[in-house]
Amino acid sequence: MSRTYRATGINLKSAPLGESDRILTILTRDRGLIRAVAAGSRKPKSSLGGRCNLFVVNEWMIANGKSLDRLTQAETIASYPGLARNLGLLTAAQYLAELVLFQTPDDRPDPHLFDRTLELLDRLEALPADATPAAIVANLCLGIFRLLDFAGLAPQVRECSATGIAIVPNPTNRDWRSGFNYQVGGALDLNACRELQKLRDPEIRRLWNLDRDAALALRMPTPDRYVNATELTLLQHLASDGSLDRHYDALTANDLAASWANVENLLRQYAQYHLGRGIQSANLLDSYTTAMLAVPHPRDPAR
């Protein structure tokens, strides 16, 4: 007889298997990631059917198998039906689930990551079904930032990553820009980097024919991309605990939707660089934001 065990977990990924089964990837509090077969769960009358939906939290009874464990019973603890009522919310949840899976080794439980995942899903679920694109993408960006911070990868956005000088965006100057470099880990004060480079140039020239590696190490990093004052301000709010909530209405105004989309794209590229993997759900997010930003949102008073 197969040995059985219990595990509390969140369904983060589902794939069909055969004609009526599916394989679930479940983040559990005490056992890390579990991949198990839910036999017959795709049949109309299956007792496991609804419990196998994404973002359902179950108390599972699981039987050990030779290659994959088998899900035998489940008691639902929590679910997130609100996510399915809005394509943007569902896409944001799938996006965050991918990031969680990227940083969760098999058989290495992390109760804190489990709790953080629930907190982020709770946050998305609390948004109204008619949430604006700005609100959805802002909350997605907050989730991305918090997961990167949990992994020790949060970008530096309040000080220059190369010089350590505080960066203060100037929203009154439409031409104001900051650099951003993925490798060094965050924002670059372009003026400070330029001045420091001038100071280092003589030493670089001196070392060039003696120790080229040492000379190259003195070069200031070049930006992978640039961010304007509004975008860096939004990033700094994400990095300040509770700041987004304190200024929520102003920071999720409809006219900031495009800026939030740019911030998400920056965080996406940064996360993919450091995690070494592409985020598949980002393609769905691009489709959603392209469609929603092309027309006024129903709640936009200018409509």
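The values are calculated or read from the model by the stated rules, or taken from the named source; none is laboratory data. Keep in mind that this is a model prediction, so the values were computed, not measured. Glycine also receives a Cβ, built like all others from the backbone with ideal geometry; neighbour counts cover every protein chain displayed. Side chains are part of the model used for accessible areas, which takes the heavy atoms of the whole protein and leaves out ligands, DNA and RNA. Shrake-Rupley method; radii C 1.70, N 1.55, O 1.52, S 1.80 Å.
Here are the numbers for the structure shown:
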| quantity | calculated |
| --- | --- |
| Fraction of beta bridges assigned by DSSP in segment 18-147 that are antiparallel (%, nearest 5) | 80 percent |
| Bridge type composition, segment 145-303 - antiparallel percent by DSSP, nearest 5 | 90 percent |
| Cα-centred dipole magnitude for the chain, charges only on beta-carbon of K, R (+1) and D, E (-1), debye, nearest 20 | 740 debye |
| Share, in percent, of DSSP beta bridges within the chain that are antiparallel, nearest 5 | 90 percent |
| Under Karplus coefficients 6.51, -1.76 and 1.60, residue-wise ³J(HN,Hα) of segment 181-194 in Hz, glycine/proline x | 10, 5, 5, 7, x, x, 6, 10, 7, 4, 5, 5, 5, 5 |
| Average accessible surface area per residue within the chain, 1.4 Å rolling probe, Å² | 52 Å² |
| Computed FRET value (nearest 0.05) for R3 with Y273, which takes r as the C-beta separation and R₀ as 35 Å | 0.25 |
| Net length gained if the chain between Q280 and E159 were fully extended (0.36 nm per residue, minus Cα distance) | 40.5 nm |
| Fraction of accessible area attributable to carbon and sulfur, the chain (%, probe 1.4 Å) | 48 percent |
| Overall dimensions of the chain as given by Cα atoms, namely Rg and Dmax in Å | 22.9, 77 |
| Full-stretch length increase - A217, Q103 - with 0.36 nm per residue and alpha-carbon distance subtracted | 38.0 nm |
| Residues with amide H under 5 Å from that of S46, placed H, sequence gap 5 or more | none |
| Amide proton proximity set for L33, modelled H, under 5 Å, gap of 5+ | T28, D107, R108 |
| Nearest-ten-degree value, helix 87-102 long axis tilted from longest Cα axis of the chain | 80 degrees |
| Derived scalar couplings ³J(HN,Hα) [segment 15-20; Karplus, 6.51 cos²θ - 1.76 cosθ + 1.60; whole Hz; x for Gly, Pro] | 9, x, 9, x, 8, 9 |
| Computed [θ] at 222 nm, deg cm²/dmol, the chain (DSSP H ≥ 4; -39,500 (n - 2.57); rounded to nearest 500) | -13000 deg cm²/dmol |
| Accessible-area order (highest first, 1.4 angstrom probe) of the listed residues H247, H112, H274, H237 | H112, H247, H274, H237 |
| Alpha-carbon centroid distance for the pair segment 16-38 / segment 65-94, whole angstrom | 10 Å |
| In sequence order, calculated HN-Hα J values of segment 214-222 (Karplus, 6.51, -1.76, 1.60; Hz; x Gly/Pro) | 5, 5, 5, 5, 7, 6, 6, x, 9 |
| 5 angstrom amide H check on E159, placed H, neighbours 5+ away | I167 |
| Efficiency of FRET from Cβ geometry, E195 and A258, R₀ 35 Å, rounded to 0.05 | 0.65 |
| Segment E125-R35, length gained on full extension (0.36 nm per residue, minus Cα span) | 29.9 nm |
